[in-house]
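The values are calculated or read from the model by the stated rules, or taken from the named source; none is laboratory data. Please read all numbers here as calculations on a predicted model, not as lab measurements. Here Cβ is always computed from backbone atoms with ideal geometry, including for glycine, and neighbour counts include all displayed protein chains. Note: accessible area is taken over every heavy atom of the protein model, side chains too, but ligands, DNA and RNA are not part of it. Shrake-Rupley method; radii C 1.70, N 1.55, O 1.52, S 1.80 Å.
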Amino acid sequence: MDYRSELEAGRDAFGHLIKVWHERNAWSQRVLPALADALDLGRVHNSQLSNLRNRKLASPGPELFVALGRINQLLAQSAGPAGLSGGLAEQLAEQPELLAALQASALPLLADDGSALGPAQLFEIFVGLRPLPSAFDLRIQASEAAGLSAALAELFTAGRPWRLCREQVLAAYPAEKRQRRERFAEVMAGQRDYTAEELDGELGDLRLTLAAMGAAAEEELSADQFLELLRQKARLLLQPGSGDQALDLGEAIRRELQAG
């Protein structure tokens, strides 16, 4: 891999890391900038985080990695299953919204050896010199996108015809942009598949859709658990000899006619 490809892969990995970090903690993009400012750990802008998540920030300054690394190390030291340490909670006492967000969830970014990623490690990921921690490497491969799309449609309709589920599922789907809603409906109807990039960007709203339909509360199914569920379902759909899929289409239709 040449250095340009390495840099591009690093930017992609880092954007994915920031996205998954926010999703696992259910943070808004205001949390990290507010925390950096409140504790004087550096400066992080909302626009930087948005551009990082969308792989549009090619050359961030070193202060960004310093701030994110220091925040992450602080969370690793001061947050745990029992909540925030007294010292950090006291420092944030005058910012109740920020304190509430961190008390609800403050999972740090940990390397495979359990150590917290600091500024240097985050920079190495961004430039492609360090792989993502395995627990955060949830990126969807292009080769699996079609199978995951089929699994998604099967899950959200519970195997029923789309026309019988359309209104309920679309009412639960939270995205408001017409293009996204039309694409979602096409995937549910089996008329097209999501690309890997599209599906990666949809995971958050797809989990909200499940919650709105009463199938699984958002906190019950993390992004990585939801993705693994889809992967398992996709593998089952591809298994030879599973149900009517093993039959010739004409034979399967004949069986349906006889059953009727």
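Condition first: modelled with pLDDT under 90 and open to solvent by 40 Å² or more (accessible area, probe 1.4 Å). Can you find one or more residues in the stretch 71-79 that meet it? No, the conditions are met nowhere in the stretch 71-79. In this structure, does ALA58 turn out to be at pLDDT below 90, open to solvent by 30 Å² or more (accessible area, probe 1.4 Å) and hydrophobic (A, V, I, L, M, F, W, C)? Judged against the criteria, ALA58 is a match.
Selection within the stretch 32-55: residues that are closer than 17 Å to GLU97 by Cβ and of a type outside the set (A, V, I, L, M, F, W, C). The member of this set that is most open to solvent (accessible area, probe 1.4 Å) is ASP37. Listed conditions (1) surrounded by 16 or more Cβ atoms within 10 Å (Cβ to Cβ); (2) in contact (Cβ under 8 Å) with a residue 40 or more places away in the chain; (3) at negative phi; (4) out of contact with any Phe, Trp or Tyr (no Cβ under 7 Å at 6 or more places or on another chain) are all met by GLN141, apart from (1). SER28 satisfies every condition listed in (1) part of a helix (DSSP H, G or I); (2) open to solvent by 40 Å² or more (accessible area, probe 1.4 Å); (3) under 18 Å from GLU202 (Cα atoms) except (1). In this structure, GLY69 qualifies as more than 25 Å from GLY201 (Cβ to Cβ), touching a residue at least 24 places away in the same chain (Cβ under 8 Å) and not charged (D, E, K, R). Inspection of the stretch 101-121 identifies no residue that is part of a loop (DSSP other than H, G, I, E, B), over 20 Å from TRP27 (Cβ atoms) and touching an Asp or Glu at 6+ places or on another chain (Cβ under 8 Å). Applying the condition of being crowded, with 18+ Cβ neighbours inside 10 Å and of a type in the set (A, V, I, L, M, F, W, C) to the stretch 173-193 and asking which residue is nearest to the chain's Cα centre (by Cα) yields PHE184.
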